[in-house]
Amino acid sequence: MRIAAELRRRISSGEFAAGDQIPTLPALSEHYRVSETTIRNALALLRNEGLIETRARAGTRVRQTPPVHRMAADRYRNKPGAPSTPYTRDQGIGWSEYRLDKKFERVAATPELAALFEGEVGERLLARHFVFYDNDQPTQMSTSYVRWSDVEGTPVADPIHEPWPGGTRAQMASLGIRITRITESFGAGMPKDDEAQTLRIGTGVPVLRYTRRHIADSGRIVEVAHPIVRRGDTTVVDFVIDLED
C-alpha cells in the first residue's frame, strides 16, 4: 500500500503522464528494495483503480484519464439544432461521435419493475439494453423498459431505429404520448464484474447507478430505465432548485 501510494502520487503529480510506461518490475523492485511480488500487488491496486493498464508487449502504462462530464439539470428539455439526445448533450459530443450498442427483448415485469411502473407483476415489457459510446469509449450502460402495449408494431420496438434523435421523450411523442415529468433516483457503489468489463474500468472505480422514469401527462409511467450506470469518478450531476420567497 505504501508503494502504491507513492506511485499514485507520482501519477497525480504528472511525473508519470498519461501514456508513460511505468518502470519494469525488476527496476521497481530494486528501487523500493522489495520483492517483485510486492510490486505486483502494488500495481494491482493501481490497476483496480483504473490508473494504469498492462498490455502484452506494451508493458504497464498510465491510463488516459477521461474528462469529467456534467449531467445538466435541463438535459431532458427539447432543444433546437442538430440531432441530439440527453446523452450526447451530457457528453458534449455531436451525432457522428455517438455510437450505441443495443439489444431488445420482451420480458415480463418482475415485482421490482411492477412497483416502478406502478403496474402489475407479469405485464409484458420491452427491455432495451444499451451501451453508450463517446468516440468508441463506453461511458454509460442501461436497460430501458417500455410497456409492450404502447410500442408493439411501432418503430420504437425496432432496434434499427436506435439511436433515436431526441431520445425516449421523442419516441413517446411519436406514439402520441406526451411526457410531462421525469424522475431520477441516484445511488453509488463499486462496479459489478459485468459493469467494470463493459465500461472498461478497474474494479476499484466506483459507479453511479440511477433509475429514471418517464411519466405521461395522464400520470401513467411509460418508461423505466433501471439501472443507468456511469463511472462515478468522472460524472458530476447538477441540480437546480428554484425557491419561491
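The values are calculated or read from the model by the stated rules, or taken from the named source; none is laboratory data. What you see is a predicted model; the values in this text were computed from it and never measured. Here Cβ is always computed from backbone atoms with ideal geometry, including for glycine, and neighbour counts include all displayed protein chains. These accessible areas exclude ligands, DNA and RNA; they are computed on the full protein's heavy atoms, side chains included. Shrake-Rupley method; radii C 1.70, N 1.55, O 1.52, S 1.80 Å.
Take Ala196 and tell me if it is more than 19 Å from the chain's Cα centre (by Cα) and not hydroxyl-bearing (Ser, Thr, Tyr).
Numbers: more than 19 Å from the chain's Cα centre (by Cα): no; not hydroxyl-bearing (Ser, Thr, Tyr): yes.
So Ala196 fails the test.
Any idea which of Pro159, Pro155, Pro165 is in contact with a His (Cβ under 9 Å, 6 or more places away or on another chain) and open to solvent by 30 Å² or more (accessible area, probe 1.4 Å)?
Working: Pro159 fails: in contact with a His (Cβ under 9 Å, 6 or more places away or on another chain); Pro165 fails: in contact with a His (Cβ under 9 Å, 6 or more places away or on another chain).
After applying the criteria, what remains is Pro155.
Could you say whether any residue in region 202-211 is touching a Ser or Thr at 6+ places or on another chain (Cβ under 8 Å), in contact (Cβ under 8 Å) with a residue 24 or more places away in the chain and open to solvent by less than 20 Å² (accessible area, probe 1.4 Å)?
Checking region 202-211: at least one residue is touching a Ser or Thr at 6+ places or on another chain (Cβ under 8 Å), in contact (Cβ under 8 Å) with a residue 24 or more places away in the chain and open to solvent by less than 20 Å² (accessible area, probe 1.4 Å).
How many of the residues in region 139-187 are part of a loop (DSSP other than H, G, I, E, B), out of contact with any helix residue (DSSP H, G or I) (no Cβ under 8 Å at 6 or more places or on another chain) and aromatic (Phe, Trp, Tyr)?
0
Would you please name the residue that is farthest from Phe130 (Cα to Cα), looking only at residues in region 66-100 that are touching an Asp or Glu at 6+ places or on another chain (Cβ under 9 Å) and among the β-branched types (Val, Ile, Thr)?
Val68
List every residue pair whose Cβ atoms sit under 6 Å apart, with the two residues 6 or more apart in sequence or on different chains, where the first one lies in region 170-189 and is among the charged types (D, E, K, R) and the second, anywhere, is open to solvent by 70 Å² or more (accessible area, probe 1.4 Å) and assigned to a loop (DSSP other than H, G, I, E, B).
Arg178/Asp217
Of everything in region 113-150, what is over 23 Å from the mean Cα position of the chain (by Cα), open to solvent by less than 30 Å² (accessible area, probe 1.4 Å) and aliphatic (A, V, I, L, M)? Give them in sequence order.
Within region 113-150, Ala114 is the sole residue that qualifies.
Which pairs turn up if I take residues in region 213-230 that are acidic (Asp, Glu) and look for partners that are open to solvent by less than 20 Å² (accessible area, probe 1.4 Å) and in a strand (DSSP E or B) with beta carbon separation below 7 Å, at least 6 apart in sequence or on another chain?
If the second residue must be open to solvent by less than 20 Å² (accessible area, probe 1.4 Å) and in a strand (DSSP E or B), the pairs left are Glu223/Ser144; Glu223/Val146; Glu223/His214.
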